[in-house]
Amino acid sequence: MFDIGWSELVVIGVIALIAIGPKELPGVLRTVGQYMGKVRRMAAEFQGQFQEAMREAEMADLKKQVDDITDAAKDVTKGLTDFDPLESVKKDFDSVAASVSDMDPAHTSTTESAAAGEPVLAAPTEPVVSEPVVSKPVLPEPVLPPLTEPPSEPSPVAPDTTHHVKSENAKPENTKPESAA
């Protein structure tokens, strides 16, 4: 804040010692320190209030921006909720029909003629040219053999592959079980 170096402080201290005297100098320095503390507290309080006012101003500005964005979003969503594609197509169709009827004054619509009680005349028919219908080619489904075929008759060529091996410990097949006596 003040640009005072050590040499200036020494000069001020020597002048204060001579002017005030060594006996009263500590009391004067204590009083000066108390006043300096009060001045610093007041400066800090002022600075805090100033910063708070700045924050409030910034918050008010931010709140205004948020409100503007919210209003714009509401306008956009209102436009989206009011959007009816069928209604817009109907309006386009009606405007094209009106422009066609304005171009051909001899041509009156059947609803206007019927409403007026006039006989409704059929409009001259023009040949309608339609595009050929192209369909996807139909591919035949592949015929697959069944996964398992039932066995028919054994092949006479195939030899019998079952071998009956008799061991010495094997019991004869035609014996009756021994009963306990």
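What to note about this one:
- TRP6 satisfies every condition listed in (1) surrounded by fewer than 10 Cβ atoms within 10 Å (Cβ to Cβ); (2) under 33 Å from the mean Cα position of the chain (by Cα); (3) of a type outside the set (D, E, K, R) except (2).
- Tallying residues that are among the aromatic types (Phe, Trp, Tyr), exposed (fewer than 10 other Cβ atoms within 10 Å of the Cβ) and at pLDDT 75 or above within region 70-113 yields 0.
- Some residue of region 54-67 being modelled with pLDDT of 75 or more and of a type in the set (Val, Ile, Thr): yes
The values are calculated or read from the model by the stated rules, or taken from the named source; none is laboratory data. Just so we're clear, the structure is a prediction, and the values are computed from it rather than from any experiment. Every residue, glycine as well, gets a Cβ built from its backbone with ideal geometry; the counts of neighbours run over all protein chains shown.
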